[in-house]
Amino acid sequence: MGKFASTVVRHKKTVIIIFSVITLVCAFLSMLVEVNYDMVDYLPPNAQSTTALEIMNEEFTQSTPNASVMIKDISIPEAIDYKQKLSELDGVNDVLWLDDAIDIKEPLEIQDTDTVEQFYKDGSALFSVTIEEGMEKDTCGTIRELIGEDNALTGEAPNTEYLQRMTGSEVLNAMAILLPIFILILILSTTSWVEPLLFLGAIGISVVINMGTNVFFGEISFMTNSVTPILQLACTLDYAIFLLHSFDNNRKKYADVNKAMRNAIKESFPTVAASAATTLFGFLALVFMNFRIGADLGFALAKGIVLSFISVMVFLPALTLLIYKAIDKTKHREFMPSFKKVNKVLLKLSMPILILVIIFIVPCFLGQSQTNFTYGVSASPNSRSGQDEAAIEETFGQSTITVLLVPRGDVVKEEELSQDIEKLDHVTGVISYTTTVGTAIPVEFLDKSITEQFYSENYARIIIYTDTPEEGDIAFNTVENIQSVAKSYYGDTAYTVGQSANLYDMKTVVQKDNMLTNIIAVIAIFIVLVLTFKSATLPFLLLLTIESAIWINLSIPYFTGTSINYIGYLVLNTVQLGSTVDYAILLTVNYMRNRKLMPRKEAISLSLKENFRSILVSATTLAAAGFTLYLTSSNPITSILGMLLGRGTLLSMLMVVCFLPGLLMIFDKAIGKTTYKAEFFLKNKKLDDNDFEENRNEI
């Protein structure tokens, strides 16, 4: 470490130039990173929805309808004319309407009422439109120009278009809110007007480099794009604070600033490395999710942690040495309270809090596993797409489309299957070759333009309409019933695709991921804690502290009867653990050091007094990032993750300063016996003031 520190200090100007060039290059590369807004793309290759989509893309020119267009106050001929205009728009692959289900040349009064009202009701026409993937933004805009403000457009494609429009601006909005908050927190917790800019500069450069190097992934998910910069900034700002705090202390010992910085790098490296390691392993646990958005997010966040660590250990020392005179000239008094008596208050609270946690921890653990979840990404109710969805539901009710793919060849079997599916609860209509043309006319006798929407070379395509929402128990039960009927005819060669079928598969996949990612994160961080403390007891106490905070946090939706997005819930499990266990490490490291010099109560009291401010600053920073994501994001996954992270961070802080001290005192003897070279202070060992200070400085 001595050679490394000397190299950084000696070549500080070169370091600044190299980092500046890399940052400029990465700022340009960040604009080239492709962003994927389709959650289905992240389902594992063996998911039935993935297979169904591959078959659909290979066999059929038409995809699953992904948008609904409602036009009010039009006649049947006008609706046919609008259907033609919609089908001619760039990016529109297919348009389905009433004329695809029945013969509209015959009077509607003698047709099946349920079928008619699925497409035409009270003078309003509802079209099922297939918009080409990647064309959502332009095509949805063109459709809205065609139909006007009084009509409605909703569905998966408009939701994607909404996310595309909002994600970029929301990241900027979040940063615009967060940066002033971070600067205010740093001004309150430092003694120089320049230091906050140093912190943000060092971490900000690593954020830009991380965003630019995402180009090597080919593409990233919209969630990774919106969450990573903010979480990286909030989770790693502590690293810069540790280094500059050590630099300030060493300047009091050494007149030479270069020597002070060399010692600061050596002293802070183990602390920053341990902090980075816990966060890194927490994020890397996401990589093991079967739902591949976890790997997408996990790799980007882990890369960000490593880049922030490098920036703080290399770039920040070089930059600080170049402008340390400006730091000296802009010194100000401490604005943040000293919290001299906070340790006494927290110690009084520790035992009551410990008892309360013991009472409620089992209900919270059980409650967090019983929460109602959502799995999809829908537009905000206040958005144009959300308002359009409400308008369509008001006229036509809820409607979802599922496409069933079965092997082609037996028309009679297809007819029987279509009839059986049509009898299922919540199925409002079935469009297939047999229901539209019938079994009497051979496929070969008809024009390809008529048959290609139903048949490919190997598969038959059956479109099923249901009156369910896109997700929920009713929707998923309906998908299961459709799959069950199809399998009774075709076994495992029948596939379903559509928003409800996709979300059903997503639910199946991510629920299996929860246990896996939690176990991996806990084991990895447990190993880091064992190596840090060389103790058989402390890792369990620290993990219990943070896991209890997580269980309390995630049980709140259950006890309040609210639904949360499962992916946000899943990611939070590892993010909160990896990001906030540092608070427990900081307090425990100081407790173990102080415990060598004094009894347990005095040791924990002094540790709280010394570290409360650092924990408060760190927790406030991360909580601010979480709540900002919650308030600025229209994406339900990002929004719920932000809310859970903000609340979870504050809970972790409270558990560390109120619950952990009680644990450390209760298990003090066990800690002393199971920790390598604990060397705890003994009651019969007396130290005078000089011995105390000498031994404390040495430790």
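Below, the figures for the structure above:
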{"read-out": "MRE, 222 nm, helices only [DSSP H, n ≥ 4, -39500 (n - 2.57), over the chain, to nearest 500]", "value": "-22000 deg cm²/dmol"}
{"read-out": "With Cα atoms, 0 to 90° folded angle of helix 499-533 axis to the chain main axis", "value": "10 degrees"}
{"read-out": "Cβ-derived FRET efficiency at R0 30 Å, Ile181 paired with Leu322, nearest 0.05", "value": "0.65"}
{"read-out": "Loop-located trypsin sites (Lys or Arg not before Pro) in segment 232-294 whose Cβ has at most 13 other Cβ within 10 Å (DSSP)", "value": "Lys252, Lys253"}
{"read-out": "Neighbour count of at most 11 Cβ within 10 Å plus DSSP loop: longest GluC sites (Glu not before Pro)-free window in the chain", "value": "458-699"}
{"read-out": "Quarter of Cα convex hull surface for segment 224-286, i.e. mean projection, nm²", "value": "4.7 nm²"}
{"read-out": "Globularity index of segment 594-684, i.e. its alpha-carbon radius of gyration over 2.2 N^0.38 Å", "value": "1.48"}
{"read-out": "Zone of Leu631's modelled label, taken as backbone nitrogen in segment 151-189 under 16 Å from a point 7 Å along Cα→Cβ", "value": "170-185"}
{"read-out": "The chain: angle of helix 384-396 to the longest principal axis, Cα-based, in degrees nearest 10", "value": "40 degrees"}
{"read-out": "All-pairs alpha carbon distance profile, segment 243-396, 10 Å steps from 0, percent", "value": "8, 17, 20, 24, 19, 9, 3, 0"}
{"read-out": "DSSP-loop trypsin sites (Lys or Arg not before Pro) across segment 323-379, with at most 12 other Cβ within 10 angstrom", "value": "Arg333, Lys340, Lys341"}
{"read-out": "Relative contact order (%) - the chain, alpha-carbon pairs under 8 angstrom, separation at least six", "value": "18 percent"}
{"read-out": "Diffusion coefficient, µm² s⁻¹, Stokes-Einstein with Kirkwood Rh over alpha-carbon pairs of the chain at 4 °C and 1.567 mPa s", "value": "46 µm²/s"}
{"read-out": "Fully extended contour minus Cα-Cα distance, from Asp112 to Glu132, at 0.36 nm per residue", "value": "4.0 nm"}
{"read-out": "Amide H partners (placed H, <5 Å) of Ser221, local residues excluded", "value": "Asn36"}
{"read-out": "Backbone N under 15 Å from the Ser6 label point (7 Å along Cα→Cβ), restricted to segment 311-329", "value": "none"}
{"read-out": "Projected label distance in nm at Ile527 and Leu682, using a 7 Å step from Cα toward the beta-carbon", "value": "3.8 nm"}
{"read-out": "Separation in nanometres of the label points that stand 7 Å from Cα toward Cβ, at Ser369 and Val25", "value": "5.0 nm"}
{"read-out": "Nearest 10 degrees, 0 to 90: helix 48-59 Cα axis against the chain principal axis", "value": "50 degrees"}
{"read-out": "Segment Lys512-Asp492, length gained on full extension (0.36 nm per residue, minus Cα span)", "value": "5.0 nm"}
{"read-out": "Area accessible to solvent at Val412, 1.4 Å probe radius, in Å²", "value": "80 Å²"}
{"read-out": "Calculated FRET efficiency for the pair Lys534/Gln398, C-beta based, R₀ 51 Å, to 0.05", "value": "0.30"}
{"read-out": "With all protein chains modelled, accessible area of Ile110 [1.4 Å, Å²]", "value": "120 Å²"}
{"read-out": "28 Å tail of the calculated P(r), segment 422-572, as % of Cα pairs", "value": "48 percent"}
{"read-out": "Nearest-10 value in Å² for the accessible area of Phe217, using the 1.4 Å probe", "value": "90 Å²"}
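The values are calculated or read from the model by the stated rules, or taken from the named source; none is laboratory data. No experiment lies behind these values; they were computed from the predicted model shown. Using ideal geometry, Cβ is built from the backbone for each residue, glycine included, and neighbour counts are taken over all protein chains shown. Keep in mind that these areas ignore ligands, DNA and RNA; they rest on the heavy atoms of the full protein, side chains included. Shrake-Rupley method; radii C 1.70, N 1.55, O 1.52, S 1.80 Å.
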